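Working notes, structure below.
The values are calculated or read from the model by the stated rules, or taken from the named source; none is laboratory data. The structure displayed is predicted, hence computed values, not measured ones. A quick note on method: Cβ atoms are made from the backbone with ideal geometry, for glycine too, and the neighbour counts reach across all protein chains shown. Areas reflect the complete protein model, heavy atoms only, side chains present, ligands, DNA and RNA absent. Shrake-Rupley method; radii C 1.70, N 1.55, O 1.52, S 1.80 Å.
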Amino acid sequence: MITGIGSCLPAHSLDNDEVIRTGALDTTDEWIRTRTGITRRRRVTPGTATGDLATAAGRAAMTSAGLRPDLVLLATTTPDRPCPATAPAVAHRLGLGEVPAFDLAAVCSGFLYGLVTATALLRAGVCRTPLVIGADTYSAIIDPHDRDTAALFGDGAAAVVLTPGPADAPGSVLHAALGSDGSGEELITVPGGGSRHPARLPQPLREPHSFRMRGREVYAHAVRRMTGSARTVLDLAGWPAGTVEAFVAHQANQRILDSVADRLGIGDRNRFGNIDRLGNTAAASIPLVMADPEVHAAVRPGARTLLTAFGGGLTWGSIALTWPTAVPHRLPVEQPPATDT
Ligand code: UT7
């Protein structure tokens, strides 16, 4: 069960006009607001990376839980480097000694995949207090001149600490439904930098190393997959949709969120989000909503909670859990450690 919640957001907040000016984009503030629901997003300043956000969010979750984690799972698709994973460095910076630590890449579904993985490792006896972090710095991979994606993403991190606990305790992860469809690999992608298009090969311009998304096709998949996996999980839990008190979906686009919630039959006052202020923060988006003090104040511990996500891969998933009692904690970005180079 979730016994600690923490988050970290970069201090710099940009409005739509600033993004448009920076990228010389052929768009308007009105188009972005009405088609996506986004008015602002946070972005790191140069020199700050995903590991810096993840470390602060992890430390905040440890403070919230009052516990020392014995495993670190970092859900991200913007690691500090292609190799090694970022999680061991985060564990080291958190002073956790030689705990197991690894990254998990499921794009915007990453936090849900991570929560399910950590819960399974806990139940298998591999660990007792895993730390699950969702952190992304999409500003590092976004092409500021790409009108289709430049305004959509923000940077951020949030984390939870899990402990063993009875199924009826607040914060219990009860049921999950995960899925993938690799035939959609091209819809959301950074083509270069992996083993198929290694970064060492001469590449024309920056093209293969920038994020690309075929938004319209992704939109249809997102609605279908989030709705479908949410229905599966509601069936597994035996919860009629009308009894869900807290619905938290991956913050991709306000219209997508409304469409999924409408199809499921979830009431307006039970929908929680942050897309207007933070944009799409990828793996961090769902835990950032859970870590929001205003959301925490609005939802009672033990409330029936439905999380649902969709992302590149394609990947998707939904989780039924009860709302935790843990009081969220927030910390500023931790500066990167000094290096000799
Ligand atoms: O986080 C992972 C999952 N991500 C998602 O689920 C995101 C899914 N997709 C979306 O949120 C939306 O599809 C977008 C926000 C990306 C685009 O909104 P849309 O309402 O689906 O627009 P569209 O793709 O149907 O495009 C309509 C037109 C296109 O022009 P043409 O082809 O009709 O001439 C786009 O090129 O709008 C154009 N367009 C823009 N126009 C002004 C796309 N982006 C912009 C823009 N400003 N920023």
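Just one residue in the set Ala282, Ala338, Ala298 is out of contact with any strand residue (DSSP E or B) (no Cβ under 9 Å at 6 or more places or on another chain) and either surrounded by 20 or more Cβ atoms within 10 Å (Cβ to Cβ) or among the hydrophobic types (A, V, I, L, M, F, W, C) (or both); that residue is Ala338. If I filter the stretch 30-46 for residues that are buried (at least 16 other Cβ atoms within 10 Å of the Cβ), over 19 Å from Pro287 (Cβ atoms), out of contact with any strand residue (DSSP E or B) (no Cβ under 7 Å at 6 or more places or on another chain) and not β-branched (Val, Ile, Thr), do I get at least one hit? For the stretch 30-46, residues buried (at least 16 other Cβ atoms within 10 Å of the Cβ), over 19 Å from Pro287 (Cβ atoms), out of contact with any strand residue (DSSP E or B) (no Cβ under 7 Å at 6 or more places or on another chain) and not β-branched (Val, Ile, Thr): present.
Within the stretch 233-257, the set of residues being part of a helix (DSSP H, G or I) and crowded, with 17+ Cβ neighbours inside 10 Å comprises Val233, Leu234, Ala237, Ala241, Gln254, Ile256, Leu257.
Listed here are the residues, each with its yes/no results for (1) in contact with a helix residue (DSSP H, G or I) (Cβ under 8 Å, 6 or more places away or on another chain); (2) modelled with pLDDT of 95 or more.
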position: Thr63; (1), (2): no, yes
position: Cys83; (1), (2): no, no
position: Val90; (1), (2): yes, yes
position: Asp103; (1), (2): yes, yes
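State whether the residues of the stretch 324-331 include one that is open to solvent by less than 60 Å² (accessible area, probe 1.4 Å), touching a Pro at 6+ places or on another chain (Cβ under 7 Å), more than 22 Å from Pro10 (Cβ to Cβ) and assigned to a loop (DSSP other than H, G, I, E, B). Yes, some residue in the stretch 324-331 is open to solvent by less than 60 Å² (accessible area, probe 1.4 Å), touching a Pro at 6+ places or on another chain (Cβ under 7 Å), more than 22 Å from Pro10 (Cβ to Cβ) and assigned to a loop (DSSP other than H, G, I, E, B). The residues of the stretch 260-282 that are part of a helix (DSSP H, G or I) and farther than 18 Å from Leu321 by Cα, listed by number, are Val260, Asp262, Arg263, Asp268, Arg269, Ile275, Asp276, Arg277, Leu278, Ala282.
Filtering the stretch 87-106 for residues that are farther than 28 Å from Gln254 by Cβ, part of a strand (DSSP E or B) and open to solvent by less than 60 Å² (accessible area, probe 1.4 Å) leaves a non-empty set. Condition test on Gly317, is it open to solvent by less than 10 Å² (accessible area, probe 1.4 Å), out of contact with any strand residue (DSSP E or B) (no Cβ under 6 Å at 6 or more places or on another chain) and not hydroxyl-bearing (Ser, Thr, Tyr)? So Gly317 does not fit the description; no.
Of all residues in the stretch 144-192 being of a type in the set (A, V, I, L, M) and either in contact with a Cys (Cβ under 6 Å, 6 or more places away or on another chain) or within 14 Å of the ligand (Cβ to nearest atom) (or both), which is most open to solvent (accessible area, probe 1.4 Å)? Here the answer is Val190. For the stretch 18-40, filtering for residues that are more than 13 Å from the ligand (Cβ to nearest atom) and not in a loop (DSSP other than H, G, I, E, B) leaves 4.
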